[in-house]
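In what follows, a structure is listed as structure tokens, so that the remarks can point back to it.
The values are calculated or read from the model by the stated rules, or taken from the named source; none is laboratory data. The shown structure was predicted, so the numbers you read here are calculated from the model rather than taken from an experiment. Just the protein is used for accessible areas: all its heavy atoms, side chains included, with ligands, DNA and RNA removed. Shrake-Rupley method; radii C 1.70, N 1.55, O 1.52, S 1.80 Å.
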Amino acid sequence: MNSTPESVDSGADAEGEKPVLVADDRLLAAHDLALSALREITPAATIGDPAGYTLEADGVVSLRFATTMEGYPGWFWTVSLAVVDDAEPTVLEAELLPGEGALLAPEWVPWAVRLAEYQAAQAALAAERGVEAEDAADADDDSDDDLDDDDLDDVDDLDAADFDDDGSPILHAGDVDGVDIDVLDDDTDDEDADADED
């Protein structure tokens with residue numbers, strides 16, 4: 001930690017001259033107050049050694065402490081302190097802030113942008129699959145042409161005994177997938193007759 005007061009330029013004033021900020025010694029020495037504030041928001045085991053300070057506008061000093069939490073390299077516990085008139089130093093804010101070179105989350109991207117990127121990726125994938133599907137369909141067409149001649153030869157070998165009453169070798173005694181459609185027709189006729197009687 002810096003042991004001597006640090007002067008920082010805060011930008012030009014109305015006359016073009018840059019005011020110089022000087023740290024209040026009482027704020028620089030208020031480590032116990034800063035640590036007490038940090039212990040209210042985080043376990044003491046997560047607070048590391050002092051790591052300097054930053055001068056802010058209006059005489060505010062932000063004391064920094066290293067963090068021992070995993071996953072936060074380059075981050076610092078920061079406590080902003082101020083002195084009002086002749087009062088004792090007081091805590092304005094305590095928080096975990098990134099330092100230079102800290103590991104940060106990626107920049108936030110609006111949902112509409114992420115959705116558009118996703119849709120573009122899906123469209124590209126569909127187009128790629130469409131080309132593959134066309135190639136596969138062309139290959140199937142070629143194989144179907146080869147099978148058609150063989151299928152016709154098989155049909156030529158069938159005789160009348162292979163067909164049911166309706167002329168189809170697939171349907172047997174009016175059944176479709178094990179359902180006797182003749183029975184269904186009878187049930188429908190019975191319902192129609194009942195409806196006529198009413």
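Any idea which residue in the stretch 53-93 is farthest from residue 26 (Cα to Cα), counting only those that are open to solvent by 30 Å² or more (accessible area, probe 1.4 Å) and among the small types (Gly, Ala, Ser)? Step through it out loud before you land on a result.
Let us first name the residues in the stretch 53-93 that are open to solvent by 30 Å² or more (accessible area, probe 1.4 Å), namely 54, 56-59, 64, 66, 68-76, 83-88, 90-93.
Imposing the further condition that a residue be among the small types (Gly, Ala, Ser) reduces the set to 57, 59, 66, 71, 74, 87.
Values: 57: 16, 59: 11, 66: 21, 71: 33, 74: 27, 87: 11 Å.
Out of the qualifying residues, it is 71.
Give me the residue from the stretch 25-47 that is of a type in the set (Gly, Ala, Ser) and open to solvent by less than 20 Å² (accessible area, probe 1.4 Å) and, out of that set, farthest from residue 89 (Cα to Cα). Top of the filtered list is 37. Where strands (runs of 3 or more DSSP E) sit wholly within the stretch 2-100, those with at least 2 residues that are at pLDDT 85 or above occupy 47-55, 61-67, 75-82, 90-98.
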